[in-house]
Amino acid sequence: MSTPLIERLAEAVRDTDHPVTGTDRTELQAFLPLTGRYAQSSGIVFDDTRALALAVHALAFVRRVRTAEHLDALDPQLAAEVAPGRMTAVRRLIDSYCTPRQFAARDTEVLLLALHFEAAAQLQHESDQQAGTTPA
């Protein structure tokens, strides 16, 4: 989930005010494999649309890390939408990227990324149910 996805992302944002730069590519090549490993270890498969949405989020995230920008807090009730244990696992993922860059990501970043995994997992679960491969 790295180089081809970065190329799709670069193409998607090419004509915007903020196209993907060489620095963005380097940072995405460091961050996206972490998300891919977590998805794989959690049994989550991203379809093309969800993968691109994750990449767009990742691009904004690596830019925020680089500029030491923090997002405002979100409604804590959103965390109720996330499977038990996912917030902790995503916190470890984010910290493994941020710590070497001397950036302390706030819980908002963790929640936003966790929601990407949750949405993909839910979509996958619904697809499995429709196909009859998972109990309801």
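The values are calculated or read from the model by the stated rules, or taken from the named source; none is laboratory data. This is a predicted model, so every value here is computed, not measured. A quick note on method: Cβ atoms are made from the backbone with ideal geometry, for glycine too, and the neighbour counts reach across all protein chains shown. The area values use the complete protein model at the heavy-atom level, side chains included, leaving out ligands, DNA and RNA. Shrake-Rupley method; radii C 1.70, N 1.55, O 1.52, S 1.80 Å.
A few notes on this one:
- Residue match in the range 43-51 (condition: closer than 17 Å to residue 110 by Cβ and among the aromatic types (Phe, Trp, Tyr)): no
- Selected residue (criterion: surrounded by the fewest Cβ atoms within 10 Å (Cβ to Cβ)) from residues of the range 12-62 that are at pLDDT 95 or above and among the charged types (D, E, K, R): 37
- From 91, 106, residue being surrounded by 13 or more Cβ atoms within 10 Å (Cβ to Cβ) and within 12 Å of the chain's Cα centre (by Cα): 91
- Of all residues in the range 59-114, those being without any contact (Cβ under 8 Å) to a residue 40 or more places away in the chain and part of a loop (DSSP other than H, G, I, E, B) number 15.
- Flag: residue 121 does not match the condition of being of a type outside the set (S, T, N, Q), over 15 Å from the mean Cα position of the chain (by Cα), at pLDDT below 95 and open to solvent by 10 Å² or more (accessible area, probe 1.4 Å).
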